[in-house]
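Down below is the structure, laid out as structure tokens.
Only the coordinates and a few stated rules stand behind these numbers; no lab work does. Predicted model only: the values in this text are computed from it and were never measured. A quick note on method: Cβ atoms are made from the backbone with ideal geometry, for glycine too, and the neighbour counts reach across all protein chains shown.
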Amino acid sequence: MSRSAATASGYNFAYLDEQTKRMIRRGLLKAVAIPGYQVPFGGREMPMPYGWGTGGMQLTASVLGQDDVLKVIDQGADDTTNAVSIRAFFERVAGVATTTATAEADVIQTRHRIPEQPLRRGQLLVFQVPIPEPLRFIEPSEEETRLMHALEEYGVMHVKLYEDIARHGHIATTYAYPVKVDGRYVTDPSPIPKFDNPKLHMAEGLMLFGAGREKRLYAIPPYTRVESLDFEDHPFEVQQWEAPCEICGARDTFLDEVITDDRGGRMFVCSDTDYCQSRVEEVA
Amino acid sequence: MTSLTQPFLSVDALHKAFVLHGQDGMTLEVMRDLHLTLSPGECLVLSGPSGIGKSTLLKMLHGSYRVTGGTLRLHFEDGELSLGDLPAHAWHTLRRDVIGYVSQFLRVIPRVPAVEVVMEPLLARGVDTADARVRAETLLARLNLPERLWRLPPGTFSGGEQQRVNIARGFIAEHPLLLLDEPTASLDAANREVVIELIHEAKARGAALLGIFHDEEVRDRVADRLLPLTPHMGAALEAAPSAGKEGVS
Amino acid sequence: MKRPDLNRATLLEARGVSRLYGPGKGCESIDVRLHRGEVLGIVGESGSGKSTLLRLLSGMERPDAGQVIYRPAVAQGRDTVGREGELDLYAIGEARRRALLRMEWGLVHQNPRDGLRLGVSAGANIGERLMALGERHYSQIRAVGQDWMSRVELDSRRIDDAPQTFSGGMQQRLQIARTLVTRPNLVFMDEPTGGLDVSVQARLLDMLRTLVRELGLSVILVTHDLAVARLLSHRLMVMRRGQVVEAGLTDQILDDPQHAYTQLLVSSVLTP
């Protein structure tokens, strides 16, 4: 855990003004009350372009307390550009402690992954969401998709999965795999690999989703039923790897392919760098 | 079985006029004060020159033409039914189950094979497709329609071939009242014989038939009575006995 | 022989429905009654109000006045209130109305592109209503899709092809399969043969006739083509300037028209 010495002056705590944070928190309360439902919010300009996690950052800024410990990951790693920048941002504008250890964090902002270590009670996982609307691919009209949600007209979601099987012989959607939250709203879990979908189900932590460009937020509260859509004869399955992680030997984690040289050398390693690291340390 | 003395169909003071709005509302009166009765098992043949209103009468009985005045009644065991003021949808059932019609020309449905054209009245009643097909093929065979034509749409058939498809379609469902509009017009002698047989069979099972036949030989062989229609008044007279036959009335 | 029962249950009834966009534009105070298993044709020239009437009857556009009553065979759901399971189309909630359109009714558009999802395969198009009804077995959905492709005379081996690769007539048949796959109680058709070549039309008409009979469909068909109306409909309504000028049995309307306008319409048709 580290606490930044150089907190920038002239900014409100965590960059956003208190009124904005309040507005977002009200939205979050509504989102928690209606799991999976997309709540519009008055998104603010962040000192970063859209697509770099501005939605997640606004949520993080709104829920962050002065004593909270923050972890930021991008594709499972704490040391990629996006994660490093966002972490540095909150160190400067909020002066909060940061960590790479999943277990130590109170708030985890993430892009495209859920940590391997299960969330514990009280932990918050904030997702950066590019496209919050799971129905968009088939129905471009926002007005229409909202009505479809309201009336639970979700037949089209299976049309997409059907099309996958027709084309590829199996459900080829491997990330942003649609889920049904609490038996009601069909929701886009953000572009996490479908490997992570089971972790959404009955999680102990609170999961918040923020889409900056589209100014929508939604939530999956703790202990909420989350089912991945599928067919009876093509049930939902997660990815499998033939070999374990080449660093820590784990067989139950999501692996990234890493190119090691120019001659086609490659290795498969845990995408969750903290988890991998901690396993190596345990063994050592 | 209903006795022959009790009519199945009775027509009283039937009046038909066409108003031609395109011709300044000119009224064309084609039938006035026509009376007739028709019993089960009886074949009544309409006679008179063409244009006298014979087909018009059949079309009124089939619901295709409206009735301007007078009554058309069917007498069932449990009561009578007046045809003049039926709601349109009542005719769907009536045509399916009670009143059959063999028109002069086959209204060709594009692309439907001849055998299916013939089957249709049975299918409409919910008869199993296989049964309907067997019955349709039997009839087409009796009418000497070459088997290679059965699976073809009748659009390109000769007049006589189309007429035989039409006859098969009209007779297959064994309606209690059959209206025949020159069914033998374009048939050769052999097929005329078959139609005469079919008419005799229909009479034998108790159907009431009302027909138009220009061929005098056929007319004499099937008609129990003749009903001559006269200009402008339709038939003022009740049916006169046909030549060489005892009239039943 | 006993007197046959000539009554048929009413499936859909409109009472005095009006929707006017301007004087004589739209439709005014129209009564319609569709019986079970019946094909009702609505004919008229462009601008006669027939398409407006179709929109009012099919739940797509709320009338300014009047009611549309649907009488499903079995009373269903909490919204089924009133006498004999009557459903007042514009008094029920939008959710129920949309569900009705999606589950129990079907709509065949003139342009198949309006009724198809062009981005997904033929099989997915046919399967959509099944999936909306909760069917979750891929192989079964696909088998039904193939069966329906044969029924509408499409090559079932093309089940994975996109509708864009189909001709106009094939797309229309695909749209019909997609609509009829759930065996709707009531089907609305808006000029179903409108944009097609004559040879393709004949094939489609014949197919529709067969399907109507086999499935016992109740249909409201809008067309300006009297030949189409004659082949498909049991009854006709003739519309002009937003009003019904004449209604009755199809062959009665076409062979013995009473109204001056109907006589003009019928006599204007070219018969080859």
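For this structure, a couple of remarks:
- Neighbour counts of C-beta atoms inside 10 Å place A:7, A:98 in the sequence A:7, A:98, starting with the fewest.
- GNM flexibility winner over chain C from C:262, C:165, C:223 (Cα, springs under 10 Å): C:165
- Under 15 Å from a label point set 7 Å out along the Cα-to-Cβ vector of residue A:120, the amide N atoms of the stretch A:193-222 belong to A:204-206.
- Mean separation of Cα contacts under 8 Å (6+ apart) over length of chain A, as relative contact order %: 21 percent
- Label reach from residue A:266 (point 7 Å along Cα→C-beta): in the stretch A:187-220, amide nitrogens under 19 Å belong to A:193-195.
- Efficiency of FRET between residue C:65 and residue B:29 - r from beta-carbon atoms, R0 56 angstrom, step 0.05: 0.85
- Backbone N within the stretch A:133-169 under 12 Å of label point (7 Å from residue C:165 Cα along the Cβ vector): A:167
- P(r) tail for the stretch B:145-192: Cα pairs beyond 15 Å make up 48% of the total.
- Annotation: the antiparallel percentage among DSSP beta bridges lying fully within chain A is about 60.
- Ranked B:75, C:224, A:170, criterion: other C-beta atoms within 10 Å, fewest first: A:170, C:224, B:75
- Diffusion coefficient (Stokes-Einstein, Kirkwood radius over C-alpha pairs, 25 °C, 0.890 mPa s) for chain C: 126 µm²/s, rounded to a whole number.
- For the protein assembly as shown, alpha-carbon Rg relative to the globular expectation (2.2 N^0.38 Å, N residues): 1.32
- Globularity ratio of the stretch A:204-284, using Cα Rg and 2.2 N^0.38 Å: 1.52
- For residue A:12, net neighbour charge (Lys/Arg +1, Asp/Glu -1) across residues whose Cβ lies under 11 Å away: -1
- Semi-axis lengths, Å, chain B, gyration tensor of Cα atoms, sqrt of 5 times eigenvalues: 29, 21, 19
- Helix B:114-124 axis, angle to chain B major axis (alpha carbon atoms, nearest 10°): 60 degrees
- Distances between placed amide hydrogens fall under 5 Å for residue B:227 paired with B:45, B:46, B:47, all partners being 5 or more residues away or on another chain.
- Among the listed pairs A:160/A:180; C:25/C:50; A:30/A:215; B:16/B:203; B:59/C:2; A:160/A:194, those with a Cα-Cα distance over 18 Å are B:16/B:203; B:59/C:2.
- Candidates C:95, C:122, C:202, ranked by Gaussian network fluctuation over chain C, Cα under 10 Å, top entry: C:95
- Average other protein chain Cβ within 10 Å of Cβ, residues C:94-101: 2
- If you run the Gaussian network model on chain C, springs between alpha carbon atoms under 10 Å, then out of C:246, C:13, C:214 the most flexible one is C:214.
- Extension gain, residue A:247 to residue A:201, is 13.7 nm, computed as 0.36 nm per intervening residue step minus the present C-alpha separation.
- Take the Cα radius of gyration of chain A and divide it by 2.2 N^0.38 Å, N being the number of residues; the result is 1.02.
- The modelled label-to-label distance for the pair residue C:29/residue C:214, using points 7 Å beyond Cα in the direction of Cβ, is 4.5 nm.
- Rounded, prolate or oblate (a/c below 1.5 giving rounded, otherwise prolate when a/b exceeds b/c) for the stretch B:1-137 by Cα gyration tensor: oblate
- Residues A:282, A:232, B:120 arranged by fewest to most Cβ contacts within 10 Å: A:282, A:232, B:120
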